[in-house]
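The values are calculated or read from the model by the stated rules, or taken from the named source; none is laboratory data. Computed from a prediction, not measured in an experiment: that's the story for all the values here. Heads up, the Cβs are rebuilt from the backbone with ideal geometry, glycines too, and the neighbour counts pull from every protein chain shown.
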Amino acid sequence: FTDFIATPKRTKQILHQYGFSFKKSLGQNFIIDANILKNIISSAGIDKTSGVIEIGPGIGSLTEQLAIHAKKVIAFEIDRRLLPILSDTLSSFSNVTIINEDILKANIQQEIKKHFTPDLHIHIVANLPYYITTPILMNVLQQETPIESITVMLQKEVADRMAALPNTKAYGSLSIAVQYYTEAQVVMEVPKTVFIPQPNVTSSVLKLVRRKEPLVKVANEEQFFTIVQASFTHRRKTIRNNLVSFFKQTYDKGEINEFLSSAQIEGSRRGESLSIHEFAALSNAFDR
Ligand code: SAM
């Protein structure tokens, strides 16, 4: 019996053996607590019917646990220095493929077809590089893929914004962008102490379950997201004032008032009080 990679002792030994130095610019904070990883994997609902996509395997701590629980794992790692380490630490698993690619440039759909059999349920599970959490998630959500859920570790503050409900401080355009495509839930908070090196911020595990259809029907998606953005430009301003100043080249105040009343929204409300359904009604009123 040897220890899991996700222990302080094994991790330090691996880092020492390969003379590995962390690159802060790549968001390299490795997990050294196998219990946290098992919690993540069980929250994600991973079992032997699962094909898992991991983003940023590092030295393989989460990958190892995924290989144990899932049928097949593919992991995208940008840092070439980690490739020889991963082929050593994961040598006893035949169900793992490491892909040396930037996740933001990868053709995920193509890799899914290449590596997963059609019977598998596909999930993303990752401890994300924190400098690009939002681009990674939005990039995945906006693509047509068969990914059923995304369970990831990220900054607590960002996780809270993604899962936030109306009338809370954290609710904003990011909440709406994420919840348009998924059901979002913060699963647990994770202290800094389970990483080396320790990050500057507290972390959370966020679970996103993809909806079969977007939450609301909008005539024009781009318009919908523009109106959402516009409504949150100045959080303390009313929705009417935000829309009037944002659209001053295109619509006059009278037209904005008409759109608001046809969507049955009081112009004196603030953006943060509107549900996603109300934003959809508003966007569709602009489109009529
Ligand atoms: N999964 C490991 C763990 O939990 O200990 C490492 C997680 S660490 C927070 C993030 C990993 O993502 C690092 O290994 C880093 O090199 C990698 N990474 C950073 N940017 C990336 C990108 N654009 N594409 C793929 N991997 C990236």
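So, Ile132, is that one surrounded by 13 or more Cβ atoms within 10 Å (Cβ to Cβ), touching a residue at least 24 places away in the same chain (Cβ under 8 Å), more than 12 Å from the ligand (Cβ to nearest atom) and part of a helix (DSSP H, G or I) or not? It is false that Ile132 is surrounded by 13 or more Cβ atoms within 10 Å (Cβ to Cβ), touching a residue at least 24 places away in the same chain (Cβ under 8 Å), more than 12 Å from the ligand (Cβ to nearest atom) and part of a helix (DSSP H, G or I).
On the stretch given as region 1-49, residues that are charged (D, E, K, R) and within 12 Å of the ligand (Cβ to nearest atom) total 4. Comparison of Ile176, Ile150 shows that the only residue that is of a type outside the set (D, E, K, R), assigned to a strand (DSSP E or B) and buried (at least 19 other Cβ atoms within 10 Å of the Cβ) is Ile150.
How about region 252-288: which of its residues are small (Gly, Ala, Ser), part of a helix (DSSP H, G or I) and loosely packed, with under 15 Cβ neighbours inside 10 Å?
Once the filter is applied, which keeps residues that are small (Gly, Ala, Ser), part of a helix (DSSP H, G or I) and loosely packed, with under 15 Cβ neighbours inside 10 Å, region 252-288 yields Gly254, Ser261, Ser262, Ser273.
Is it true that some residue in region 106-114 is part of a strand (DSSP E or B), within 16 Å of the ligand (Cβ to nearest atom) and surrounded by fewer than 19 Cβ atoms within 10 Å (Cβ to Cβ)? The answer is no; no qualifying residue exists.
How about region 156-171: which of its residues are in a helix (DSSP H, G or I) and of a type outside the set (D, E, K, R)? The answer is Val158, Ala159, Met162, Ala163.
The listed residues are Ile196, Ile227, and the only one of them that is at pLDDT 95 or above, under 30 Å from Pro8 (Cβ atoms) and surrounded by 14 or more Cβ atoms within 10 Å (Cβ to Cβ) turns out to be Ile196.
Looking across region 135-146, the residues that are of a type outside the set (S, T, N, Q) and either within 10 Å of the ligand (Cβ to nearest atom) or in a helix (DSSP H, G or I) (or both) come down to Pro135, Ile136, Leu137, Met138, Val140, Leu141. Taken over region 62-94, the criterion of being in contact with a strand residue (DSSP E or B) (Cβ under 7 Å, 6 or more places away or on another chain), in a helix (DSSP H, G or I) and hydrophobic (A, V, I, L, M, F, W, C) is satisfied by Leu62, Leu66, Ala67, Leu83, Leu86.
Only one entry of Ile59, Ile41 meets the criterion of being assigned to a loop (DSSP other than H, G, I, E, B), of a type outside the set (Lys, Arg) and in contact (Cβ under 8 Å) with a residue 12 or more places away in the chain, and that entry is Ile59.
Residue count for region 187-222 satisfying the condition of being more than 25 Å from Pro146 (Cβ to Cβ) and not in a helix (DSSP H, G or I): 16. Only a single item in (1) surrounded by fewer than 19 Cβ atoms within 10 Å (Cβ to Cβ); (2) under 22 Å from Ile46 (Cα atoms); (3) free of Cβ contacts under 8 Å to residues at least 60 places away in the same chain is not met by Ala163, and it is number (1). Here is the figure for region 50-80: residues that are within 9 Å of the ligand (Cβ to nearest atom) and among the charged types (D, E, K, R) total 3.
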